[in-house]
1. Rounded to the nearest 500, what is the chain's calculated 222 nm mean residue ellipticity when only DSSP H runs of at least 4 contribute -39500 (n - 2.57) each, over all residues?
2. Ala54 versus Asp22, label points 7 Å from Cα toward the beta carbon: distance in nm?
3. Taking the chain as a Gaussian network, Cα atoms linked when under 10 Å apart, which of Arg19, Arg11, Arg35 shows the biggest mean-square fluctuation?
4. Measure out, as a whole number of angstrom, how far apart the alpha-carbon centroids of the range 36-50 and the range 8-26 sit.
5. Would you work out what percent of the accessible area of the chain, with all protein chains in place, is carbon or sulfur (probe 1.4 Å)?
6. In whole Hz, with x marking every Gly and Pro, tabulate ³J(HN,Hα) for the range 23-32 from phi via Karplus 6.51 cos²θ - 1.76 cosθ + 1.60, θ = phi - 60°.
7. Under a straight-distance cross-link criterion of Cα-Cα below 17 Å, which lysines are reachable from Lys21, leaving out those fewer than 8 residues away in the same chain?
8. Rounded to the nearest whole Å², what accessible area per residue is found for the chain with the 1.4 Å probe?
Amino acid sequence: MQLAADLGTRRRVSSDLQRTKDSYVNNVAILKTKRALIERQTRAVDAAKQRLLAVRTEREALEDQV
């Protein structure tokens, strides 16, 4: 009787550990995806700032000509 109870407990613990591992693997994948998204967005913002600076510089140059 005790052996069957131990076996059931072991199966539950093993199942819980597998779910925890699966959750961890999924969370790592999500984190990797989010970090890649942040990196792309950061590059896009940097490029937009450079374009804005270029437009402002060109505008100032045109104002000086007028």
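The values are calculated or read from the model by the stated rules, or taken from the named source; none is laboratory data. Predicted model only: the values in this text are computed from it and were never measured. All Cβ positions, even for glycine, are placed from backbone atoms using ideal geometry, and neighbour counts span all protein chains on display. Areas reflect the complete protein model, heavy atoms only, side chains present, ligands, DNA and RNA absent. Shrake-Rupley method; radii C 1.70, N 1.55, O 1.52, S 1.80 Å.
1. The per-residue figure over the chain is -37000 deg cm²/dmol.
2. The two pseudo-label positions are separated by 5.0 nm.
3. Highest fluctuation among the options: Arg11.
4. 39 Å
5. Of the solvent-accessible surface of the chain, carbon and sulfur hold 59 percent.
6. Once rounded to whole Hz, the list reads 4, 4, 4, 5, 5, 5, 5, 5, 4, 4.
7. Lys32
8. 99 Å²
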